[in-house]
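Participant: Submitted below is the structure of interest, expressed as structure tokens.
The values are calculated or read from the model by the stated rules, or taken from the named source; none is laboratory data. This is a predicted model, so every value here is computed, not measured. Because the Cβ atoms are built from the backbone with ideal geometry, glycine has one as well, and the counts that use them run over all protein chains shown. Each accessible area value is taken on the protein alone, full model and side chains, heavy atoms only, with ligands, DNA and RNA left out. Shrake-Rupley method; radii C 1.70, N 1.55, O 1.52, S 1.80 Å.
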Amino acid sequence: MSQLWSKAGITKGLSRRNLLKSGLKVAAGIEMGAFFSALEEFNGTEVQGARYDSVKNGPLHVPDLSAISGTKSLKAHAEAHSLLYGSGVDAVRLRSEPGYAELVSSQCDIIAAENDMKWYALRPSPSSFNFDMADWLVSYCEKNKIKLRGHVLVWDKGLPPWFTEFANTGNARQLLMTHIQQVVGRYAGRMHSWDVVNEVIDVGGSGRVDSLRNSPWLQLVGADYIELAFRTARDADPTALLTYNEYGIELETPEQEEKRAMVLLLLRRLKARQTPIDALGIQSHLGPVTRGEYGEGLRRFMAAVRQMEMQVFITELDVNDKGLQAATHERDEIVAATYSAYLNSVLPERAITTVMTWGITDRYSWQNNMPNPNRTDRLPSRPLLFDAEYRAKPAFFAVRDSFDQRKLTQAGSNDPMLAPQVDPYAPFNPVQSR
Ligand code: XIL
């Protein structure tokens, strides 16, 4: 079952309460049950084809991008404020659609492999690798001078169908290490960064004092799999920035504050043990919310991460419009306002060096590639910066303006307590502490 997409993995910050609290024009009757059952049928291995018909079969007139290219592009505005801008992409799109490739290269400093470097994509069997798409993507990025983020080496999802049957306590440690050695080693020196470990804190469901998710890796390798993954990745490629990536840590709710605390504890523990880790990825799959929802808790958290000498990457930013009323114009405005509210709240943090959206056009958003519609009205979702015909939406201008308005906070002005230099999990020793 672990390779199936799950409720927990997708409801990031999208609870009915958050949507209703937002005070925006949110449809009250959200069919969460239907949405979840659609998702439960969803298997990551089917991702490459399924689209809404209305999106898939729609006309594709690639507009003239000149008014938003060059100095007017997202990447130019990002770079002017010490940021990289980028997007998650599937290689097949770049490969088969010149218009899409043009859009990506006009706007992006960096792309992330949205699916092509997941286990199910790279591992047809326990003993083999298929690097065709990943190799193509790495060369494409080099040819086009686009940086590349690898995604993802250790996750409880995106695993191949053989995994559950094959992996056991006797072979899982070696399986994990071999995978990282082969994959990271193959592209050594050519990657901007790797998502080494993804989504391992599960505050509600874990039942453990450290809130580690009850994933196959925890069960089969033991709690040191996280550290092992980072060390193996560093050995295989000393130059890529190694990232821990997490969701559900963006909002000012008690649940998300608690999750931030547990992520911080994990990072401190890893750092205290000299684990090689360079960056925290904050996924940022947002629901439509007002400004008040983003704030101090997240900013304190990022400052604490900075004090551990880590960078912060916004890795998978998008705005789910599922609960919003149908009128396209209104939806687009609320989505844009959400991008502004979030980015204006977080971008003063100077540890943030990269902002990536999870896709660039609504045409290929993961929110439109479920087997059943995301929206109950079956209209395509509009979560990204360009519409399905590659026209810039209000969200594009909102993001670009947020880059322009970036004013970094001064060093020391909002520093939280210093990160402890010792392992917070070390056994208490009364003799030493006297
Ligand atoms: C999603 C992709 O966007 C989809 O195309 C795929 O079908 C499922 O996975 N968190 C992650 C990403 O870390 O890998 C997920 O990507 C979205 C949530």
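Participant: So how many residues does region 147-173 have that are in a loop (DSSP other than H, G, I, E, B) and among the aromatic types (Phe, Trp, Tyr)?
Facilitator: 2
Participant: Another question, then. For SER82, state whether it is within 18 Å of GLY359 (Cα to Cα), more than 16 Å from the ligand (Cβ to nearest atom) and modelled with pLDDT of 95 or more.
Facilitator: No: the conditions fail for SER82.
Participant: Continuing with the same structure: Regarding ARG51, is this residue closer than 17 Å to LEU384 by Cα and either within 18 Å of the chain's Cα centre (by Cα) or modelled with pLDDT of 95 or more (or both)?
Facilitator: Answer is no for this residue.
Participant: Need a quick list: helices (runs of 4 or more DSSP H) entirely within region 174-279 having at least 3 residues that are within 16 Å of the ligand (Cβ to nearest atom) and touching a Ser or Thr at 6+ places or on another chain (Cβ under 9 Å). Please lay out each step first, then the result.
Facilitator: On the way: elements: 216-221, 225-236, 254-272.
Correct list: empty, since no element meets the threshold.
Participant: In region 280-299, which residues are aliphatic (A, V, I, L, M) and within 16 Å of the ligand (Cβ to nearest atom)?
Facilitator: Once the filter is applied, which keeps residues that are aliphatic (A, V, I, L, M) and within 16 Å of the ligand (Cβ to nearest atom), region 280-299 yields LEU280, ILE282, LEU286.
Participant: Moving to a separate point now. If LEU103 passes every condition in (1) over 20 Å from the mean Cα position of the chain (by Cα); (2) open to solvent by 10 Å² or more (accessible area, probe 1.4 Å) but one, which one does it miss?
Facilitator: Just one mismatch for LEU103, condition (2).
Participant: What residue, among those in region 331-345 that are in contact (Cβ under 8 Å) with a residue 60 or more places away in the chain and touching a Leu at 6+ places or on another chain (Cβ under 7 Å), is most open to solvent (accessible area, probe 1.4 Å)? If you could, list the steps in order and put the result at the bottom.
Facilitator: Initially, region 331-345 is screened for residues in contact (Cβ under 8 Å) with a residue 60 or more places away in the chain, giving 332-337, 339-340, 342-344.
Checking which are touching a Leu at 6+ places or on another chain (Cβ under 7 Å) leaves us with 334, 342.
Details: ILE334: 25, TYR342: 0 Å².
Checked region 331-345; the qualifying residue most open to solvent (accessible area, probe 1.4 Å) is ILE334.
Condition check ((1) at pLDDT 95 or above; (2) among the small types (Gly, Ala, Ser); (3) over 22 Å from the mean Cα position of the chain (by Cα); (4) surrounded by 14 or more Cβ atoms within 10 Å (Cβ to Cβ)) across all residues:
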position	(1), (2), (3), (4)
PHE129	yes, no, yes, yes
ASP132	yes, no, yes, no
SER139	yes, yes, yes, no
LYS143	yes, no, yes, no
LYS147	yes, no, no, yes
LYS157	yes, no, no, yes
TRP162	yes, no, yes, yes
ASN168	yes, no, yes, no
GLN174	yes, no, yes, no
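Participant: Let me ask something additional. For region 310-330, give me the residue count where each residue is touching an Asp or Glu at 6+ places or on another chain (Cβ under 8 Å) and modelled with pLDDT of 95 or more.
Facilitator: 4
Participant: Quick check on my filter: what residues within region 371-385 are farther than 20 Å from LEU83 by Cα and crowded, with 21+ Cβ neighbours inside 10 Å? Steps first, please.
Facilitator: In the first step, residues of region 371-385 are kept if they are farther than 20 Å from LEU83 by Cα; the result is 371-383.
Within region 371-385, ASN374, ARG375, PRO380, SER381, ARG382, PRO383 meet the criteria.
Participant: A further question on this structure: Quick one: which residue in ARG273, ARG213, ARG299 is more than 20 Å from the chain's Cα centre (by Cα), open to solvent by 10 Å² or more (accessible area, probe 1.4 Å) and at pLDDT 95 or above?
Facilitator: It is ARG273.
Participant: VAL312 passes all but one of (1) open to solvent by 30 Å² or more (accessible area, probe 1.4 Å); (2) in a strand (DSSP E or B); which number fails?
Facilitator: Here VAL312 meets the rest and fails (1).
Participant: Name the pairs: first residue in region 376-396 and part of a helix (DSSP H, G or I), second residue of a type in the set (Ser, Thr, Tyr), Cβ to Cβ under 8 Å, at least 6 apart or on different chains?
Facilitator: ALA395/TYR339
Participant: Select from region 233-270 the residues that are among the basic types (Lys, Arg) and open to solvent by 50 Å² or more (accessible area, probe 1.4 Å) and write down the one among them that is nearest to TYR187 (Cα to Cα).
Facilitator: Of region 233-270, the ones among the basic types (Lys, Arg) are 234, 259-260, 268-269.
Filter again for open to solvent by 50 Å² or more (accessible area, probe 1.4 Å), leaving 234, 269.
Details: ARG234: 12, ARG269: 29 Å.
This residue is ARG234.
Participant: Answer yes or no as to whether LYS118 is closer than 19 Å to PRO216 by Cα, open to solvent by 10 Å² or more (accessible area, probe 1.4 Å) and modelled with pLDDT of 95 or more.
Facilitator: yes
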